[in-house]
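Here's the structure we're looking at; comments come further down.
The values are calculated or read from the model by the stated rules, or taken from the named source; none is laboratory data. All values derive from a computational prediction rather than experimental measurement. Virtual Cβ from ideal backbone geometry, glycine too; neighbours counted across all protein chains shown. Surface accessibility is based on the protein's heavy atoms, side chains included, excluding ligands, DNA and RNA. Shrake-Rupley method; radii C 1.70, N 1.55, O 1.52, S 1.80 Å.
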Number of protein chains: 2
Amino acid sequence: MAERAGCCLPKLAPRLDGAEARRISDELALLAHPIRLQILDLLAQSQGQVCVCDLEAALPVKQPTVSHHLKILREAGLITAERQGLWIYYSIRADAVQAVPERLLAHFASLG
Amino acid sequence: MAERAGCCLPKLAPRLDGAEARRISDELALLAHPIRLQILDLLAQSQGQVCVCDLEAALPVKQPTVSHHLKILREAGLITAERQGLWIYYSIRADAVQAVPERLLAHFASLG
DNA sequence: CATATATATTGAAGTTTGTCAATATATAGC
DNA sequence: GCTATATATTGACAAACTTCAATATATATG
C-alpha cells in the first residue's frame, strides 16, 4: 500500500525511553531558572570568593531564596562551597556546567 | 587592603540582567519536560508524517496532553504542523531545536 | 558564656505546571 | 445534513515550584 490506510499504523516506538527522557529533562530543569542562571553568571565572573551576601546584594531575591537555589546547584554538582570563618564561599564548576549543553547538543545531534 | 574587610564588599553586579536570564531560562524550560523530549525524538525519528495518534500510541499520556505539549512546541517554533484531511502531521524543525543547546553552550562558554 | 554575624532550614502561602474527562471544532463520506 | 474520526480546547484538580518570614545553626569575639 503506497498510501497509509488510516492513521497510527507505523508503530512508532520511542528510542528515548521515559527514564532517559526524565534524566535529561531534570538536568535541563536545573538551569531553567533565571536566578540560578544569574548565580552561575556571578560565580563565573569572580572566580571563587563569592559569599551568599554578595549574591543576595546582586539579586532580586532574599537570603533564604539565594540559599535555596545554592543548595539545588550544589546538590547537582554545578557549584562547590567552602566555609572560611563566618562566610561560605561558593565557586562554579565550569566543566560541570558546560557539560550540560554539550550533552544536550550531542543528544539532539544524534536525533538528526 | 589585601584582605576583605568583612563581606559583601566587591559590589558584584550581574552581567546577566533579569530579562536576559528569563529569556534563556524560558527557552530551557521548553525542553525541560520528558514528554516534550520524547515527542521531539519521535518526530526526528520519522521525518514528517507523524500524526497525533501516532504520538499518543507511543507515549504514556492521553491525547489532550499530547496536543497540549504539541502546542507549546509549535508556539516556540520547534515543530511545525500541516493538516492533510483528517490528520495533522507534525514535523521537527531540526535547526531550531539544535540552536537551543548551541546558544546555551555559547552563553556558558562566554562565562569562562 | 553572651553577643553578633553569616548562612541554613522550616513551614506556610501563592503561583505555575501537568494531566485528563468532557466538550468543541474540523474534515470526510454517505 | 448526518455520522464518524482526528485533533483542539476548556475547565477542574493535583502536584511541584518559588518565595519569604521566622527560626535554627555555626562561627567569631569579647
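B:Leu9 meets the conditions (1) more than 16 Å from the chain's Cα centre (by Cα); (2) modelled with pLDDT of 95 or more in every case but one. The failed one is (2).
For segment A:53-62, enumerate the residues that are open to solvent by 30 Å² or more (accessible area, probe 1.4 Å) and of a type outside the set (Asp, Glu).
Residues satisfying the conditions are A:Cys53, A:Ala57, A:Pro60, A:Val61, A:Lys62.
Look at (1) touching a Phe, Trp or Tyr at 6+ places or on another chain (Cβ under 8 Å); (2) more than 22 Å from B:Arg22 (Cα to Cα); (3) surrounded by 19 or more Cβ atoms within 10 Å (Cβ to Cβ); (4) not acidic (Asp, Glu) and you find that A:Phe108 fails only one, number (1). Every condition in (1) of a type in the set (Gly, Ala, Ser); (2) touching a residue at least 12 places away in the same chain (Cβ under 8 Å); (3) open to solvent by 40 Å² or more (accessible area, probe 1.4 Å) holds for B:Ala96 except the one numbered (3). Within segment A:57-112, the set of residues being basic (Lys, Arg) and within 19 Å of A:Gln45 (Cβ to Cβ) comprises A:Arg74, A:Arg93.
Quick grid of which residues meet (1) at the interface with another protein chain (Cβ under 7 Å from one of its Cβ atoms); (2) among the β-branched types (Val, Ile, Thr); (3) within 10 Å of DNA strand C (Cβ to nearest atom); (4) touching a helix residue (DSSP H, G or I) at 6+ places or on another chain (Cβ under 6 Å):
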residue: B:Leu28; (1), (2), (3), (4): yes, no, no, yes
residue: B:Ala57; (1), (2), (3), (4): yes, no, no, no
residue: B:Val66; (1), (2), (3), (4): no, yes, yes, yes
residue: B:His69; (1), (2), (3), (4): no, no, yes, yes
residue: B:Ile79; (1), (2), (3), (4): no, yes, no, yes
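Do we find that B:Thr65 is modelled with pLDDT of 95 or more, surrounded by fewer than 17 Cβ atoms within 10 Å (Cβ to Cβ) and in contact with a Ser or Thr (Cβ under 6 Å, 6 or more places away or on another chain) in this structure? Answer is no for this residue.
Could we say that A:Gly48 is touching a residue at least 12 places away in the same chain (Cβ under 8 Å) and either open to solvent by 80 Å² or more (accessible area, probe 1.4 Å) or more than 13 Å from DNA strand D (Cβ to nearest atom) (or both) here? In short, yes. Take A:Glu20 and decide whether it is modelled with pLDDT of 95 or more, out of contact with any strand residue (DSSP E or B) (no Cβ under 8 Å at 6 or more places or on another chain), within 10 Å of DNA strand D (Cβ to nearest atom) and of a type in the set (D, E, K, R). No: the conditions fail for A:Glu20. Of the residues making up segment A:53-92, those that are free of Cβ contacts under 8 Å to residues at least 24 places away in the same chain and under 12 Å from the mean Cα position of the chain (by Cα) are A:Arg74, A:Glu75, A:Gly77. The residues of segment B:20-45 that are open to solvent by 20 Å² or more (accessible area, probe 1.4 Å) and either β-branched (Val, Ile, Thr) or without any contact (Cβ under 8 Å) to a residue 24 or more places away in the chain (or both), listed by number, are B:Glu20, B:Arg22, B:Arg23, B:Asp26, B:Ala29, B:Ala32, B:Pro34, B:Gln45.
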